Amino acid sequence: MVAHREPFTVTESSLPTWEHAIGKPPPALQGIVGNYSGYYQNLKQPVSRLHVPMARVMLILAVGDGLSARPVRHGATTQTYQSFVLGIDAQPYVSEHCGERYCIAVPLMPGVAQRLFKGGAPKFARITVALDDLWGKDARHLESQLGELPSWAERFALVDRVLTAKIAASQPTLRPEICWAWQQIEAHGGCIAMGELARQIGWSDRHFIHQFHQHIGTTPKAAARQIRFAHAYQLLSTAQDQALSDIALACGYSDQSHFTREFHAFSGCSPDTYQNAKAKGFPGIPAEIVEGNT
């Protein structure tokens, strides 16, 4: 049995309408699975939020009322999900929820995502897939178990056990060259020449791009753009008073205009709009900042 490692933190509203818990996976999963984010919501009216891609495959485990979601683009179709998986190259999306819902968001590195979903991660890199379509009865059983647990510590511990067991029962599918290339792109914040990575591996540029796309589901250049955006998003979220020009420089954008174009491509809004957006009474970014684009 894998016990969840403390510490974890919980933030909650003064009224019993929402909670947000953050916990670390156990040592055996660290480095391949990111920190767990647990959310509880008990909302009396619909609330819409904006979600942006973070250069990870996202596993969302949920219990309660379903979540309506649609990509941030004209004419996008709204679908309702319980638990689901967001591909690594997924678009920003708007969610709407009303009612009671528990969920745990688990960021996954590309290699472990392929193992958890039997090599299927590249096939749905740009889309959202219901977990039921990937894990079948295992997904429904996990949701049922999560719904019976009274605390975040117990819910996180259950996720520990399920992920550890599924990884142990699988075989690595990501080529070591691609794993190394991904690590290098991340280590450089997306600011590294793809041709140089190909040469260090000993492949041609074309072969490197083909292999990367086949294993990850996106091109190395697109992955670098995502990683650069994720870095900028973190700075924007944690340094409210930092100038946008400084963030652009720190993240390797050629200028603030370049930063604005890229940020809009990955979020549906400008960085200054995102930086100034504040939700009223609940965590997250209100979807109204992109509603003109949906």
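Worth pointing out:
- Residues in the stretch 50-59 carry Karplus couplings, in order, of 9, 10, 10, x, 10, 6, 9, 6, 10, 9 Hz; the curve used is 6.51 cos²θ - 1.76 cosθ + 1.60 with θ = phi - 60°, and Gly or Pro positions show x.
- Gap separating the Cα centres of the stretch 33-63 and the stretch 221-291, nearest whole Å: 18 Å
- Length released on extending from Q30 to N42, taking residue separation times 0.36 nm less the Cα-Cα span: 1.2 nm
- Annotated for the stretch 8-168: lysine pairs at least 8 residues apart or interchain, Cα distance under 23 Å, count 6.
Any read-out appearing in this document is the output of simple, stated calculations on the displayed coordinates, not a laboratory observation. None of the values given here were measured: they were computed from a predicted structure.
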